[in-house]
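Read through the structure below, which is laid out as structure tokens, and then see the notes.
The values are calculated or read from the model by the stated rules, or taken from the named source; none is laboratory data. For clarity, every value in this text was computed on a predicted model and none was experimentally measured. Every residue, glycine as well, gets a Cβ built from its backbone with ideal geometry; the counts of neighbours run over all protein chains shown.
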Amino acid sequence: MDTRFFRNAIGKFATGISVVSTEYNGEVMGMTVNAFMSVSLNPRLIAISIDEKARMYDKLKETGKFGISILKDSQKDLSMIFAKQMDKDREVQFVELDGNPVLEDSIVTLSCYVKETAKAGDHMIFIAEVTDIEMKDGEPVLYYGGQYRNLQ
């Protein structure tokens, strides 16, 4: 099977959209990810998967910490900005959650500290402990079949 066929098949799994963010040498940076999942309740662990070609790949390995912002339907544009699908048309507002930058007004924000990493093909899986969480009301933006979707 070719790469496009595999990618299209995996795209049939509907996912929420999140932005992973970290501060590196005084610069806050972020990237859109849909490879995010809960791993354990005790301890509270999550996992993200980052492509080795991503700008944040080495920086996440070095900082060992990051924020996760689970986006709501009105934040689709932020997903597109951090996925490099759209030019940044305004200054993006981050707030701090337990020492990590997160996007203001997201449905859920998490502060995470890396516990383990595992090389998996052309990606690195970062397993991190969640040290703080904030939740707000709203509906998520979803990704399915190569398109953004909303709950109906």
Residue 11: passes all of (1) farther than 15 Å from residue 142 by Cβ; (2) modelled with pLDDT under 95; (3) surrounded by 12 or more Cβ atoms within 10 Å (Cβ to Cβ) but (1)
Only one of (1) in a strand (DSSP E or B); (2) touching a helix residue (DSSP H, G or I) at 6+ places or on another chain (Cβ under 8 Å) does not apply to residue 118, and that is (2)
When residue 95 is run through (1) closer than 14 Å to residue 20 by Cβ; (2) surrounded by fewer than 16 Cβ atoms within 10 Å (Cβ to Cβ), the failure sits at (1)
From the option list 59, 72, single residue qualifying as crowded, with 16+ Cβ neighbours inside 10 Å and under 25 Å from residue 149 (Cβ atoms) is 72
When (1) modelled with pLDDT of 95 or more; (2) buried (at least 18 other Cβ atoms within 10 Å of the Cβ) are applied to residue 39, the one that fails is (2)
